[in-house]
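Bear in mind these aren't lab numbers, they're just calculated from the coordinates by the rules spelled out. Fair warning: this is a prediction, and the values are worked out from it, not measured in the lab. Don't worry about glycine lacking a Cβ; one is built from the backbone with ideal geometry, like all the others, and counts go over all protein chains shown.
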Amino acid sequence: MTDPVTASVALGTPGPPVEADTTGDDGRPAAVPRRPRRRRLRLWIPLGVIAGYVVAGLIGPVLARYDPIATSVTDRLRPPGSRLADGSLALLGTDQVGRDLLPQIMQGARVSILVGAATLLLAGVVGAAIGILCGYLGGVVDAVLMRLADIQLAFPSILLAVFVAAVLGSSVTNVVLTLSITTWPIFARVARAQTLATKSRDFANAARTLGAGSWHIVRHCVLPAVASPLMVIATVQLGFVIVAEASLSFLSLGIPPGTPSWGTTIANGRDYLASAWWIATIPGLVLALFVVCVGVLGDELRDRSDPNLSTR
Amino acid sequence: MLRYALRRLAISALVLFGAATVVFFAMRQVDGDPAVNQLGPDADPAAVEALRREYGLDAAPVVQYVRFLQRAATFDFGDSFRLNDAATSLVLTHLTATAALAATAFTIAIVLGFALGALAATRPNGIVDRVVSVLSMLTQSLPSFWVGIMLILVFSRWLHLLPSSGAGSPAAMVMPAVTLALPLLSVVLRLVRSGLLDVLHEDYVVTARAKGLSETRVVGWHAMRNMLIPVVTVAGLEFGSLLGGAVIVETVFAWPGIGRLMTDAIAARDYSVVQACVITVAAVFIVINLVVDLLYVRLDPRVRESV
């Protein structure tokens, strides 16, 4: 029941990541070769796009206020670029009750980023704590908790999410809870593997010999080694979490109707495919661009933090 | 080997029991009463009470739980509160529809995955490789519900080639199966590509080339054979996640499968159907995982020695 991808990520990073191409054999910085232009672009382009989404999500809803209950019969199903009755320009068209799509999508960006960040924070902290605990203590605690993680990872997370979301009911907090429940094992596994690799390394043993307690070793020896692979995993997971949120909202199990999320807007557009293709298409493209950028960034960060993991 | 199999079997049984217990008590935490749900909010309280008694919901939760376990042991999950049928037979008919969809998707993913992966690996960093790698990244990151809707838009609404929903004809299977296959396709493709790149420098491949065999025969026969086991193992494990993806795809294409049955049953608080669905799906997963694990142990001598 081991997931080969997470397992290899977990086992492949034995210590604080060292950028292989910037250090010589003796461990001192060698003459630093500049990264190829393409590699640098693979970092900065996605970062730029993601920053754009964050800005749009933060200030977009302030600039163009979205009113969830406003309707305008004359402006129904207008194609992108139409002038509306009040003289404003609907750059991305309007939906089935005449609401402008652009503010809806910016509001959706806000919801997605908020849910994504909150989920990763919660799942990351809880998962890391459990993983470190298991790795450090071993024994029964380790066996029970990790078996639970294995069992959970063997189930497809979307199915579990559908069930948990249905039990909890739909609200933003519950979506975060649901997705945290489905993602914590990934963080726990990585943290555990990393802890196992670190706790018996020379510097940790030295600290122990000098009389350091468990807490000190976890804080000063294990945590720094765990932090950076977890950041990489978090980036990789961000895309999955955002797609999962959109999927739950699409099934109307996620974000409640009053707050527009990309998933709900796409679900609305599904009924108007023949007359208004843009309602379902545009939020999907916006979501896809974001997820692809997060994916590229995650891969690039993983390749940089551990050259052995390079997939190409 | 036998001891390993028995141990895995015991754990599986425990997991199934755990899943049954969790779903039983979790469903009873959900807001909304099945009887009220069925009769409407303005129903006569006496009628609601009578219906609750008919469903056995008036007993204490523990009593209901014991009754549920006793019946579940004989594959009897009670009658649906909503549809006029036994939960077990509902689940079985819907499971068949999902299995047909998943099997088709699995075949598409394996066949296309091997073909495209081999094509990409023969010329690393060539044009084909780049196109394939971009496509695989896209198929992995695009949300499947949106891909499905886009397919409907293009092939049903614009081109009028394929039906957008239902399960009547083979044509109706095309779009749901493709949508479901895409994420798995990208997994298979990457595995085949990286696996082939690893072995293409091995001595036996060089020997095969030196013998003057055609490149097609070298890649398609000598190199490919060595990768079948790992790829099929991972793909087998991923078969489970196909069933997960089916929940979304079935909703988009109105496919009468178990995923849709479950989401509808959850929404209607149809306890018996939800329980039957969850337990069935859990059982399917456990069996798939068990079979793949045991096969893997069986096939790989190194692993066989260690258990």
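Okay, here's what the table says:
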{"read-out": "Karplus-derived HN-Hα couplings along the stretch B:211-220 (A = 6.51, B = -1.76, C = 1.60, θ = phi - 60°), whole Hz, x at Gly and Pro", "value": "5, x, 5, 5, 4, 4, 6, 4, 6, x"}
{"read-out": "Residues with amide H under 5 Å from that of A:SER82, placed H, sequence gap 5 or more", "value": "A:ALA90, A:GLY93"}
{"read-out": "Cβ-based charge dipole, the protein assembly as shown, positive-most Cα from B:VAL147, A:LEU287, A:GLY138", "value": "A:GLY138"}
{"read-out": "Karplus-derived 3J(HN,Hα), 6.51/-1.76/1.60, for each residue of the stretch B:78-87, Hz, glycine and proline x", "value": "x, 8, 5, 6, 10, 9, 7, 7, 6, 4"}
{"read-out": "Mean Cα-pair separation over length for the stretch A:35-191, i.e. relative contact order, pairs under 8 Å, 6 or more apart, %", "value": "21"}
{"read-out": "Modelled FRET efficiency - R0 56 Å, A:SER82 with B:LEU2, Cβ distances, 0.05 increments", "value": "0.20"}
{"read-out": "Share of alpha-carbon pairs per 20 Å distance bin for the protein assembly as shown, given as whole %", "value": "17, 50, 30, 4, 0"}
{"read-out": "FRET efficiency for A:ALA274 and B:ALA100, using Cβ-Cβ distance with R0 set to 41 Å, rounded to 0.05", "value": "0.90"}
{"read-out": "In the stretch A:164-265, trypsin sites (Lys or Arg not before Pro) in a DSSP loop with at most 16 other beta-carbon atoms within 10 Å", "value": "A:ARG201"}
{"read-out": "Distribution of pairwise C-alpha distances over the stretch B:89-301, 10 Å bins, in %", "value": "8, 28, 31, 21, 9, 2, 0"}
{"read-out": "Residue-wise HN-Hα coupling along the stretch B:146-154, computed from phi with Karplus coefficients 6.51, -1.76, 1.60 (Hz; x: Gly, Pro)", "value": "6, 4, x, 5, 5, 4, 4, 4, 6"}
{"read-out": "Among B:GLY117, B:GLY236, B:GLY40, residue whose mean-square fluctuation peaks in a GNM of chain B (springs only between Cα atoms under 10 Å)", "value": "B:GLY40"}
{"read-out": "Virtual spin-label span in nm between B:ALA171 and B:ARG209, 7 Å along Cα→Cβ", "value": "4.8"}
{"read-out": "Linear extension gain, A:VAL125 paired with A:VAL62, 0.36 nm per residue minus alpha-carbon span", "value": "19.6 nm"}
{"read-out": "At 1.306 mPa s and 10 °C, Stokes diffusion of the stretch B:202-307 via Kirkwood alpha-carbon radius, µm² per second", "value": "92"}
{"read-out": "FRET efficiency, 1/(1 + (r/R0)^6) with R0 22 Å, evaluated for A:ARG201 and A:TRP44 via beta carbons", "value": "0.05"}
{"read-out": "Amide hydrogen neighbours beyond the local backbone of B:ASP79, cut-off 5 Å, H modeled", "value": "B:ALA87"}
{"read-out": "Coil-residue GluC sites (Glu not before Pro) of the stretch B:190-279, DSSP, other Cβ within 10 Å capped at 14", "value": "B:GLU202"}
{"read-out": "Helix B:2-27 axis, angle to chain B major axis (alpha carbon atoms, nearest 10°)", "value": "40"}
{"read-out": "B:HIS160 versus B:ALA59: modelled label distance in nm, points set 7 Å from Cα along the beta carbon direction", "value": "5.8"}
{"read-out": "Debye, to nearest 20: dipole size of the stretch A:211-312, +1 on Lys, Arg Cβ, -1 on Asp, Glu Cβ", "value": "140"}
{"read-out": "Of B:ALA208, B:ALA254, B:ALA121, the one that fluctuates the most in a GNM where chain B has Cα springs shorter than 10 Å", "value": "B:ALA208"}
{"read-out": "Amide H within-cut-off set for B:GLU202, under 5 Å, with H built and near neighbours excluded", "value": "none"}
{"read-out": "Segment B:ALA73-B:GLU49, length gained on full extension (0.36 nm per residue, minus Cα span)", "value": "5.8 nm"}
{"read-out": "Charge dipole (debye, nearest 20) of the protein assembly as shown; +1 at Cβ of Lys and Arg, -1 at Cβ of Asp and Glu", "value": "1700"}
